[in-house]
Amino acid sequence: MKSVRNIIIALFALITLPSAAQTAAVKKAAGSVFALTTFNADGSIHSASYGVFTGKPGEGIAAWSAFNGAQRAIVVDARGQQHEVDVMIGASEMYDLCRFRIKDGEKEPALPLTATDAPATSVTLVGYSVKKATSKNIKVERAEKFQTTLNYYVFNDNDVSSTDLGCPIVNEQGELLGIMQRPSEGGQAFSADARLTASFQVNGLSVNDPVLRATGIRPALPDDEQQATVMLMLSGEQNDSVRYDAMISDFIRQFPASATGYDLKAGREISQRRLADADNTLQEGVKQATHKDEALSNYAKQVYAYSIYPTDSTFTLWTMKRAQELAEEAYKNNPLPVYRHQQAQAIFAQGDYQQALNIFTELQQTDLGKNGEVFYEAAQCKTQLKAPKTEVLQLLDQAVNVQPGASSAPYVLTRGRLYDEMGETRKAFMDYLRYDSLMNNNATADFYYLKFSCEMKLRQYQLALNDIAHAIVLNRTEPTYYAEMASLQLRVNKLEDAVRTCDLALSLTDKYADLYLIKGIALCEQKKKEEGLEALRKAQELGDPRAADQIKKYQ
């Protein structure tokens, strides 16, 4: 009898084992399911659905459509614990899937992905619950392949409710196949292979990915420091200070021994006038960074830049002397020419032009001598030391010659100005032409006024008219430009143009005597005596001493 009972128990065990195994697998899978809520910028709910933890600790997948257009998101895990969605790892708009990481999610159980390429013949849909795991077997209508090895499951839409969307489907081993999905415009329920999300990776350019930019949740930093640095730099150009600050904090946590994160954080603190905080951040960078010289150089750079235009008279820690000392420390740690260059710049700013000149001259024999900056800075030292202009010119020639192309533009302009001062007007004109070309004819209004003045000396009146017109286009509110243009138009007998130019300027200001004087002369020359005299009298009222003689002439 005992042996018969043992046989019955054994047979019962054999019958119930598959059910028990399935229950254990489903129960385990249910612990990985979470509720997902995304929010709009105004705090209203954007979407409510589900997702599942899979992959590295704290990582989950869900439908991308839940995040598209949302500003932030939270998940509530199977234990009822709420977590903020921290960063996006990747997304596929085509297959409506995304992968992300939550805050403080290291202990969340991750569901393993299926390891086989063969489509599952039996699948279970696992629901979300904080009390008791729910699941149901669901029939696969058909399975298709995409990207060669991945599976695309299609289901009978009658078997799927809206509350199932985002919930995982698993195989008999409890391995993740995908999440339940339905097209946003309606249609047959489907599930794209969750293994697709394992291929999602961020790189330096992901911050500009139009798909990821469709959500307010920032992308995760790449694991590679160089790629992460690229992402930070691009993020800084996007005018989203909240996201940028968060990414800097991410970088420091991820790469605590890199000087870059501390430098960028300090830069943000300086822009917010939190100078003591910036100083502490830079000191922490020196303490933590593997490359101390780099951190000290960054420190020196920030102190130097601030000391040129200080914004807080009560903050006395940062001076040019301090910038010099930090650069010297960097040089002691690693004698690179660039750190010596920082010293010279700080010394120049303190007014010791001879010592600065000595260092800039020394640096011309290093790799820094392959660009024009050290020659240009030496020329500035010579200027301050009242050296002969020919010596300054020689250094500017070297600055231009060692670095041809667009980067030489500031040196060409400075040389042109020097030629102008020396009375070498035609050489100045040639440098101004060269500078304009290097700037792709897109320089500043001040430059075109400078070029106009040079052309006037050379009696190149048509070129001068073109350039003063260019200056006006770039700065339409500067009356001096209009007065210069009208004066030249009067000189070349373009009388009607001169009057029109004056009227344009007088619509901006009626207190500019030159404009009335030029307008009055132009009108009188056109035999419009009454209007002309009226304008001349207005110039006289505004204190122009030339107006009286012109009134006598035309009365």
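Looking at segment 381-399, is at least one residue loosely packed, with under 15 Cβ neighbours inside 10 Å, at pLDDT 95 or above and small (Gly, Ala, Ser)? No: segment 381-399 contains no residue that is loosely packed, with under 15 Cβ neighbours inside 10 Å, at pLDDT 95 or above and small (Gly, Ala, Ser).
Within segment 293-315, residues that are surrounded by 12 or more Cβ atoms within 10 Å (Cβ to Cβ) reach partners that are part of a loop (DSSP other than H, G, I, E, B) with beta carbons closer than 6 Å, at six or more positions or on different chains, in the pairs Asp293/Asn334; Ala295/Ala289; Val303/Trp318; Tyr306/Trp318; Ser307/Trp318; Ser307/Thr319.
Please verify whether Thr229 is free of Cβ contacts under 8 Å to residues at least 60 places away in the same chain, in a helix (DSSP H, G or I), surrounded by 20 or more Cβ atoms within 10 Å (Cβ to Cβ) and of a type outside the set (Asp, Glu), treating the condition exactly as stated. No, not satisfied. Of everything listed in (1) in a loop (DSSP other than H, G, I, E, B); (2) within 47 Å of the chain's Cα centre (by Cα); (3) crowded, with 16+ Cβ neighbours inside 10 Å, the single unmet condition for Asp544 is (2).
Give me a count of the residues in segment 495-513 that are of a type outside the set (Gly, Ala, Ser) and touching a Phe, Trp or Tyr at 6+ places or on another chain (Cβ under 9 Å).
Filtering segment 495-513 down to residues of a type outside the set (Gly, Ala, Ser) leaves 495-497, 499-504, 506, 508-512.
Still in the running and touching a Phe, Trp or Tyr at 6+ places or on another chain (Cβ under 9 Å): 501-502, 504, 506, 508, 510, 512.
Residues in segment 495-513 being of a type outside the set (Gly, Ala, Ser) and touching a Phe, Trp or Tyr at 6+ places or on another chain (Cβ under 9 Å): 7 in total.
Residue by residue, here is whether (1) at pLDDT 75 or above; (2) surrounded by 10 or more Cβ atoms within 10 Å (Cβ to Cβ) holds:
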| residue | (1), (2) |
| --- | --- |
| Ser3 | no, no |
| Asn6 | no, yes |
| Ala30 | yes, yes |
| Ala35 | yes, yes |
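Does Ala406 satisfy being in contact (Cβ under 8 Å) with a residue 24 or more places away in the chain and either charged (D, E, K, R) or under 30 Å from Leu463 (Cα atoms) (or both)? Considered against the rule, which asks whether it is in contact (Cβ under 8 Å) with a residue 24 or more places away in the chain and either charged (D, E, K, R) or under 30 Å from Leu463 (Cα atoms) (or both), Ala406 comes out as yes. The lone criterion from (1) closer than 28 Å to Asp159 by Cα; (2) touching a strand residue (DSSP E or B) at 6+ places or on another chain (Cβ under 6 Å) left unmet by Glu108 is number (1). All told, Cys454 meets the bar of being out of contact with any Cys (no Cβ under 8 Å at 6 or more places or on another chain), closer than 25 Å to Arg426 by Cα and either loosely packed, with under 14 Cβ neighbours inside 10 Å or not small (Gly, Ala, Ser) (or both).
For segment 233-272, the candidate set comprises residues that are at pLDDT 95 or above and charged (D, E, K, R); within that set, the residue that is farthest from the chain's Cα centre (by Cα) is Arg253.
Restricting attention to segment 64-95, which residues are under 28 Å from the mean Cα position of the chain (by Cα) and part of a loop (DSSP other than H, G, I, E, B)? Of everything in segment 64-95, those that are under 28 Å from the mean Cα position of the chain (by Cα) and part of a loop (DSSP other than H, G, I, E, B) turn out to be Phe67, Asn68, Gly69, Ala70, Gln71, Glu93, Met94. Restricting Val76, Val52 to those that are surrounded by fewer than 21 Cβ atoms within 10 Å (Cβ to Cβ) and touching a residue at least 12 places away in the same chain (Cβ under 8 Å) reduces the list to Val76.
Being closer than 25 Å to Tyr304 by Cα and part of a loop (DSSP other than H, G, I, E, B) narrows it down to one residue among Gln365, Gln354; which is it? Full working, then the answer.
Values: Gln354 fails: part of a loop (DSSP other than H, G, I, E, B).
Only one candidate passes the filter, namely Gln365.
Sort out which residues of segment 426-435 are crowded, with 21+ Cβ neighbours inside 10 Å and not hydroxyl-bearing (Ser, Thr, Tyr), and write them in order of number. Selection gives Ala428, Asp431. Among the residues of segment 242-260, those that are in a helix (DSSP H, G or I) and either in contact with a strand residue (DSSP E or B) (Cβ under 6 Å, 6 or more places away or on another chain) or in contact (Cβ under 8 Å) with a residue 24 or more places away in the chain (or both) comprise Arg243, Tyr244, Ala246, Met247, Asp250, Phe251, Gln254, Ala259, Thr260.
The values are calculated or read from the model by the stated rules, or taken from the named source; none is laboratory data. As the structure is a prediction and not an experimental result, all values here were calculated from the model. Note: ideal-geometry Cβ built from the backbone for every residue, glycine included; neighbour counts use all protein chains shown.
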